[in-house]
Amino acid sequence: MRKASEVFDISFRRGCGLLMLNRSSCQYRPKERPDERALTVRLRDLAAVRVRYGYRRLTVLLKREGWKVGRRIGRLPKAITVDNGPEFTSRALDAWTCSHGIKLDFIRPGKPTENGYVESFNGKLRTSS
């Protein structure tokens, strides 16, 4: 919003009003949590061991271990591992990940086992059919 205010030479308040946005939501800055790094490491360790588990089941495991876990689990991923298919090499996906600060991590060609999440999904799909 601040950038739009500068570009169009209008006040921050007026810009929020024109876009019908609440000023407090535009000014929100998340607080750094001291345990975030340790939680991220533990979550990745669990995900590596229990490849077929989704974030909900991993959240339950973390809570059982005594971690205070809320909605922030969904905010932890900083990269998305994808294969080299045409749906993952589009400009739209690249622009979206760039604007959200997420890195696209491509697997090596011919190595589908490097993307355990897709393999896990395919395994669950085969099991349920």
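Overview of results
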quantity	calculated
Selection count, the stretch 14-40, where residues are surrounded by fewer than 10 Cβ atoms within 10 Å (Cβ to Cβ) and in a helix (DSSP H, G or I)	2
Among the residues listed as 76, 43, 21, 104, the single one being at pLDDT 80 or above and under 19 Å from the mean Cα position of the chain (by Cα)	43
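The values are calculated or read from the model by the stated rules, or taken from the named source; none is laboratory data. Please read all numbers here as calculations on a predicted model, not as lab measurements. When we count neighbours, we look across all protein chains shown, and the Cβ atoms used for this are built from the backbone with ideal geometry, even at glycine.
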